[in-house]
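So the structure is just underneath, and the comments pick up after that.
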Amino acid sequence: MNDTIQNHSQRREARYRAFDGHQVVIIVEWTSQGQPATVQGRLIDLSRSGAKVAISSPIPVDEAFTLRLQVSELGLNLTLNAEVCWMRPAGPDSWYLGCVFAGELPDHVLPKLAASGYVDQRQDARYEISLEASARQELAGDSLLNVRLVNYSAGGFRLFSSQPATPGGRLLLEMHDALGGLVRIPAKAVWQLEAEGGHHVGCCFLNNDGFDVLAQLVKSIKPPELAEPRRRRPLRTLRWACVAALATAVSFVAFALSQ
């Protein structure tokens, strides 16, 4: 039996994953057996027309409810009418709820959450990496940060820095290629998220060829452990090679004895 309870409504638009570090408070309010019920949840992902949240108790599919989305640091307190599309267990006393909004999310909400590091708005394939680099901030007197390139995609890249960056500020990502030449890639810091030992900084490219330049640079200097493993000869081929060698040896011995 399928544990997923759902109706025929399915979201097909882009959904933006919520970061673990900064939590968006979700409050779900509905009527249960004629009595008002309220439960606090956690945002999993968000789109313009719906959301996926984790809550502690199930709600019937097709049930209408009120979803309150709150981020005190951003002064965001949004109330949305929604309907349950599906429910499925997420663990002991925990459920995932997929819902559709009665109207679309206001235009400013997703960019605001993304710029502040609450949701990841990138939809491009992301490549994980770990390379030492430097970032020169234009709005901070060209101060140079020692950073580590964590991942990159067609839309931008993420850095880890021991020092905070300036969200909204321009920067130059500086790395040396395999021949020792200095490569500079213009970018803009979009969001920053404090973490243990430093800060995660999400950046977008400022030039159209930013991704191509960075991808070629990474390809030229990627660590050996990221290279493709050496292919091993198939076991069946080795077996046949051994059989052939044994047959040759037996034939040679038999010929020698016949002389």
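The values are calculated or read from the model by the stated rules, or taken from the named source; none is laboratory data. Bear in mind that the values here come from a model prediction, so they are computed numbers and not experimental data. Virtual Cβ from ideal backbone geometry, glycine too; neighbours counted across all protein chains shown. The accessibility values were calculated without ligands, DNA or RNA, using every heavy atom of the protein model including side chains. Shrake-Rupley method; radii C 1.70, N 1.55, O 1.52, S 1.80 Å.
General observations
- Selection within the stretch 139-172: residues that are more than 25 Å from the chain's Cα centre (by Cα) and assigned to a loop (DSSP other than H, G, I, E, B). The member of this set that is farthest from Asp212 (Cα to Cα) is Gly141.
- Condition check for Gln70: outside any strand (DSSP E or B), open to solvent by 10 Å² or more (accessible area, probe 1.4 Å) and not β-branched (Val, Ile, Thr): no
- So Leu78, is it in contact with a helix residue (DSSP H, G or I) (Cβ under 8 Å, 6 or more places away or on another chain), hydrophobic (A, V, I, L, M, F, W, C) and either part of a strand (DSSP E or B) or surrounded by fewer than 16 Cβ atoms within 10 Å (Cβ to Cβ) (or both): yes
- No other residue among Glu104, Glu83 is of a type in the set (D, E, K, R), under 30 Å from Val201 (Cα atoms) and open to solvent by 60 Å² or more (accessible area, probe 1.4 Å) apart from Glu104.
- Met175, sole failed condition from (1) in contact with a helix residue (DSSP H, G or I) (Cβ under 7 Å, 6 or more places away or on another chain); (2) under 28 Å from Leu74 (Cα atoms); (3) assigned to a strand (DSSP E or B): (2)
- When restricted to residues that are open to solvent by 50 Å² or more (accessible area, probe 1.4 Å) and of a type in the set (D, E, K, R), the stretch 137-176 contains 4.
- Test: residue in the stretch 225-245 that is outside any strand (DSSP E or B), open to solvent by 50 Å² or more (accessible area, probe 1.4 Å) and modelled with pLDDT of 80 or more: no
- Within the stretch 177-204, the set of residues being in contact with a Gly (Cβ under 9 Å, 6 or more places away or on another chain), open to solvent by 30 Å² or more (accessible area, probe 1.4 Å) and not β-branched (Val, Ile, Thr) comprises Pro186, Lys188, Gln192, Glu194, Ala195, His200, Cys204.
- Verdict on Arg42 being closer than 16 Å to Val119 by Cβ, open to solvent by 70 Å² or more (accessible area, probe 1.4 Å) and part of a strand (DSSP E or B): yes
- With respect to being more than 14 Å from Gly117 (Cβ to Cβ), without any contact (Cβ under 8 Å) to a residue 24 or more places away in the chain and either small (Gly, Ala, Ser) or touching a strand residue (DSSP E or B) at 6+ places or on another chain (Cβ under 9 Å) (or both), Gly197 falls outside the description.
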